[in-house]
Amino acid sequence: MPIISKFRCFIIIATLFLVSFSGCNSKIETKETSKSEHIRYLALGDSYTIGTGIEEEINYPNQLSDSLSAKGFGFDTTQIIAVNGWTTTDLKEGIEAASPDSAFDMVSLLIGVNNQYQGLELDLYRTEFRELLEQAIAFAGSDTSAVWILSIPNYGITPFAESRNLIIIGQEIEVYNSIAKEIASEYDIPFIDITPISELAADENSLLASDELHPSAMMYAMWVEVMMPTVTQILNAND
């Protein structure tokens, strides 16, 4: 279990305050003139994407869309292909069943925690993650600049994982993330590391949903804050 200093605890509290404050400000600020209309966003993943343990409307894809809308970007679609418990194989099958088109303005990918949890082979993850990333690029009209990858959160610090070896969980997730980051680099696609944010939940229960495993709306808001610079750059470049 990582040891958090008093200074880090102060940073956590300050960060939570800033996230809450910015959320309040977004409600009272006048919305900017629309910069892009009819944006279509596709989020691919598992429980971390669909928002297990909270209302779907406040998972990270929908919070991201709301935050971008507040900045003047007009959304047409926020489509999510994700189910609790999905591995890379499950996501591939889910994509095939959903049959999304190739006209999305941006696509995100977050997958792999259930491969780790089930003890599946790393080679399977390496192969299928690459295939999923290539599918994500195709859904963005073959535009690699419209795709980004999110790291796998470290659930080893949650109460859910207390009966398991949290050190091994963290080490294995680090390996999975290194594979995803390596493949992202090959395609020159942004890899956004939200794992450190997930680890803040070790000392802040409000960052977890009621199941004491998945992110709360507050943690998702922190993810969105980290994603915003990359995503706004994507949309401005394609405007």
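The values are calculated or read from the model by the stated rules, or taken from the named source; none is laboratory data. Please read these numbers as outputs of a predicted model, since none were measured by experiment. As a convention, Cβ positions derive from the backbone with ideal geometry for all residues, glycine included, and neighbour counts pool all protein chains shown.
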In region 77-113, residues that are touching a residue at least 60 places away in the same chain (Cβ under 8 Å) and under 14 Å from the mean Cα position of the chain (by Cα) total 8
Scanning region 148-199 for residues that are among the small types (Gly, Ala, Ser) and in a loop (DSSP other than H, G, I, E, B), the one modelled with the highest pLDDT turns out to be 151
Checked pairs for region 43-70, first free of Cβ contacts under 8 Å to residues at least 60 places away in the same chain and surrounded by fewer than 19 Cβ atoms within 10 Å (Cβ to Cβ), second outside any strand (DSSP E or B) and among the β-branched types (Val, Ile, Thr), C-beta under 7 Å and 6 or more apart or across chains, list as 56/50
Considering region 200-239, residues that are of a type in the set (D, E, K, R) and not in a helix (DSSP H, G or I), and then whichever is modelled with the lowest pLDDT, we arrive at 239
Confirm whether residue 161 is over 18 Å from the mean Cα position of the chain (by Cα) and either buried (at least 22 other Cβ atoms within 10 Å of the Cβ) or over 26 Å from residue 100 (Cα atoms) (or both).
yes
